[in-house]
Amino acid sequence: MRFLIALLALTLLPVINLKAEASRYLRSTPVLELAAAHLRILQRGDIITAYRLTSSDFKDATPLCEFTEMVAAMPQLKSFQGISLSSLSFEPGEAVWQGILLDKYGLPMLTVTYSVVLQDKSWRVQAMSAIPYTAPQDTIVVEPTTPKCTKKDYLRHS
């Protein structure tokens, strides 16, 4: 009987947190969609559409020609193959999304940060930065190598 009560409690625990999780998901979905859409639009090279997704403050501070130069200076924005979400934080009317762009091998290449604001009931890009990815200090990166010995060497040492 105790086993059934414990099993029931463990089963209902996720349901208790479901409302909070659903609320967080619904709040984060438009921000995640905006960041992913903006990156895909930049990847296609559609600078005008990407610029339209920015806030009025961004447009006031960054003319289209400057935005075009900024994007051209980051060729990785055209060659990435995947996006990995690192963090997402919210304040009233604004959010910060940070992710990592992955190359064709699934390896990190750029850390991208989006600051987005709620403007006229739509999320808009307020700021964007992209810097080359650097592994955390406690990460060991092993580069693939080509074996230096031949089959003849292998047979000699066996």
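The values are calculated or read from the model by the stated rules, or taken from the named source; none is laboratory data. What you are looking at is a predicted structure, and each value in this text was computed from that prediction instead of being measured. All Cβ positions, even for glycine, are placed from backbone atoms using ideal geometry, and neighbour counts span all protein chains on display.
Consider P132 against the criteria (1) closer than 15 Å to L53 by Cα; (2) in contact with a helix residue (DSSP H, G or I) (Cβ under 9 Å, 6 or more places away or on another chain): it satisfies all of them except one. Which criterion is unmet? Evaluating P132 over (1) closer than 15 Å to L53 by Cα; (2) in contact with a helix residue (DSSP H, G or I) (Cβ under 9 Å, 6 or more places away or on another chain) leaves (1) as the failure.
Can you confirm whether L42 is farther than 17 Å from K104 by Cβ, touching a residue at least 12 places away in the same chain (Cβ under 8 Å) and not small (G, A, S)? Judged against the criteria, L42 is a match. The strands (runs of 3 or more DSSP E) falling completely within region 25-127 that include 2 or more residues that are of a type in the set (S, T, N, Q) map to 82-91, 108-119.
Scan S79, S87 and give me the residue that is under 17 Å from the mean Cα position of the chain (by Cα), hydroxyl-bearing (S, T, Y) and modelled with pLDDT under 90.
Numbers: S79 fails: modelled with pLDDT under 90.
From the options S79, S87, the qualifying one is S87.
I'm checking my understanding of the structure. Among residues of region 43-60 that are aliphatic (A, V, I, L, M) and touching a strand residue (DSSP E or B) at 6+ places or on another chain (Cβ under 9 Å), which one is surrounded by the fewest Cβ atoms within 10 Å (Cβ to Cβ)?
Initially, region 43-60 is screened for residues aliphatic (A, V, I, L, M), giving 47-48, 50, 53.
Narrowing the set further to residues that are touching a strand residue (DSSP E or B) at 6+ places or on another chain (Cβ under 9 Å) leaves 50, 53.
On the way: A50: 23, L53: 18.
Here the residue is L53.
Counting residues in region 27-42 that are over 23 Å from the mean Cα position of the chain (by Cα), at pLDDT 90 or above and of a type in the set (A, V, I, L, M, F, W, C) gives zero. Residue count for region 115-158 satisfying the condition of being in contact with a strand residue (DSSP E or B) (Cβ under 8 Å, 6 or more places away or on another chain) and at pLDDT below 60: 0.
Filter region 26-77 down to the residues that are of a type in the set (V, I, T) and closer than 19 Å to E94 by Cβ and list them by number.
The initial filter retains those residues of region 26-77 that are of a type in the set (V, I, T), namely 29, 31, 41, 47-49, 54, 62, 68, 71.
If the condition is that a residue be of a type in the set (V, I, T) and closer than 19 Å to E94 by Cβ, then T29, V31, T54, T62 are the ones that fit.
Of all the criteria given as (1) over 21 Å from T54 (Cβ atoms); (2) over 12 Å from the mean Cα position of the chain (by Cα); (3) surrounded by 12 or more Cβ atoms within 10 Å (Cβ to Cβ), the one not satisfied by L118 is (1).
Here the condition is being at pLDDT 90 or above and touching a helix residue (DSSP H, G or I) at 6+ places or on another chain (Cβ under 6 Å); of T54, T62, T68, it holds for T68 alone.
For the structure I just gave you, tell me whether L34 is surrounded by 15 or more Cβ atoms within 10 Å (Cβ to Cβ) and under 19 Å from W97 (Cβ atoms). Yes, satisfied.
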